[in-house]
Amino acid sequence: MSDQIMVETPAGPARVTFRRAVGEPWCLLLVSHGAGGGIEARDLVALAEALPAHGVTVGLVEQPWRVAGKRLAPAPARLDEGWRAVAAALEESGETKGLTVVAGGRSAGARVACRVGRETGASAVLALSFPLHPPGRPERSRAEELLGAGVPVLVLQGERDPFGRPEEFPALPSAMRLVPVPAGDHGFAVPKRAPVTQEESLTTLTRAATDWLLSLRA
């Protein structure tokens, strides 16, 4: 079951599309898109399809710039404003009451979740395709954002991601885990000649996310 709400933010209206948990929910995963796409990204769709069966409601957050039809994302501080407003509105409405809240996002959305997830009440962060550095510029590391999340983090990273392959990440503390997604690029696309299919690669992603989320409940 899905439904939508609009949320007013300092940057304009944001939209949250819910894929509701089957039965009684115990967790709300709020997850946003990156700077180059929307909530139709294959990883976000896969999670929204897989997680409700495990008692997880998935809230797909469309940032105001995306709702407004703009092609370019604003500065990080503006993205953080939008996320703060969405999180506050959902708490005020009672949407998060009694639930474990996990902040998440892909690419630029993962950075937002790491920067303000804890501040906005999230118990953990799910980082999809964390952009560790710009392509070809490993010296411009964003590891500090990831390491500064302050809560348990699961990073799901494509093996071929030009924004940071799994082996490029620094050693992570015990509360953080990185799972390589076989043959995936930054959008988790898998080439036709890869040793795994697109479906198999996404299954690795959804299983890792499901197992990790369920571990938060234990």
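Couple of notes before you dig in:
- Structure-based [θ]222 nm, the chain - -39500 (n - 2.57) summed over DSSP H runs of at least 4, per residue, nearest 500: -9000 deg cm²/dmol
- Tensor-based shape of the stretch 123-166 (alpha-carbon gyration tensor, a/c under 1.5 rounded, otherwise prolate or oblate): oblate
- Think of each Lys and Arg Cβ as +1 and each Asp and Glu Cβ as -1; about the Cα centre, that makes the dipole of the stretch 123-218 roughly 80 debye.
- Sum of side-chain charges, G164 neighbourhood, beta-carbon under 14 Å (Lys, Arg +1; Asp, Glu -1): -1
- Sequence-distant residues sharing a close amide H with E159 (under 5 Å, placed H): V181, A183, G184
- Spherically averaged projected area of the stretch 1-104 from its Cα convex hull (nm²): 6.0 nm²
- Of the two radii for the chain, the radius of gyration is 0.94 times the Kirkwood radius, both from the alpha carbons; that is the Rg over Rh value.
- Karplus-based coupling profile of the stretch 146-154, in residue order and whole Hz: 5, 5, x, 4, x, 9, x, 9, 10, with θ = phi - 60° in 6.51 cos²θ - 1.76 cosθ + 1.60 and x standing for Gly or Pro.
- A cut-off of 5 Å between modelled amide H atoms, ignoring neighbours fewer than 5 places along the same chain, links G55 with V22.
- The protection proxy used here, the mean number of other Cβ atoms lying within 10 Å of each residue, ranks peptides 21-33, 66-78, 152-164 as follows, highest first: 152-164, 21-33, 66-78.
- Positive-pole candidate from V190, V155, L51, dipole of the chain, charges at beta carbon: V190
- Alpha-carbon gyration tensor eigenvalues x 5, square-rooted, for the stretch 82-139, Å: 27, 10, 8
- P(r), alpha carbons of the stretch 137-218 - 5 Å bins starting at zero, rounded %: 3, 14, 23, 22, 20, 12, 6, 1
- Length, then width, then depth: along the principal axes, the Cα atoms of the stretch 32-88 run 35, 25, 16 Å.
- Using θ = phi - 60° and Karplus 6.51 cos²θ - 1.76 cosθ + 1.60, couplings along the stretch 88-101 (whole Hz; Gly, Pro as x): 5, 5, 5, 5, 5, 6, x, 4, 9, 4, x, 10, 6, 9
- Under a model in which nothing but the beta-carbon of Lys, Arg (+1) and Asp, Glu (-1) is charged, the chain shows a dipole of about 360 debye around its Cα centre.
- Rounded to the nearest 20, the Cβ-based charge dipole of the stretch 70-156 about its Cα centre (Lys and Arg +1, Asp and Glu -1) stands at 380 debye.
- Using θ = phi - 60° and Karplus 6.51 cos²θ - 1.76 cosθ + 1.60, couplings along the stretch 23-37 (whole Hz; Gly, Pro as x): x, 6, x, 10, 9, 10, 9, 9, 9, 10, 7, x, 7, x, x
- Share of carbon and sulfur in the accessible heavy-atom surface of the chain [1.4 Å probe, %]: 51 percent
- Remark on A124: its backbone amide H falls under 5 Å from those of A103, a criterion applied only to residues 5 or more positions apart or on other chains, H modelled at 1.01 Å from N.
The values are calculated or read from the model by the stated rules, or taken from the named source; none is laboratory data. What you are looking at is a predicted structure, and each value in this text was computed from that prediction instead of being measured. Reconstructed Cβ throughout: ideal geometry from the backbone, glycine too, with neighbour counts over all protein chains shown. Only protein heavy atoms, including side chains, enter the accessible area calculation; ligands, DNA and RNA are left aside. Shrake-Rupley method; radii C 1.70, N 1.55, O 1.52, S 1.80 Å.
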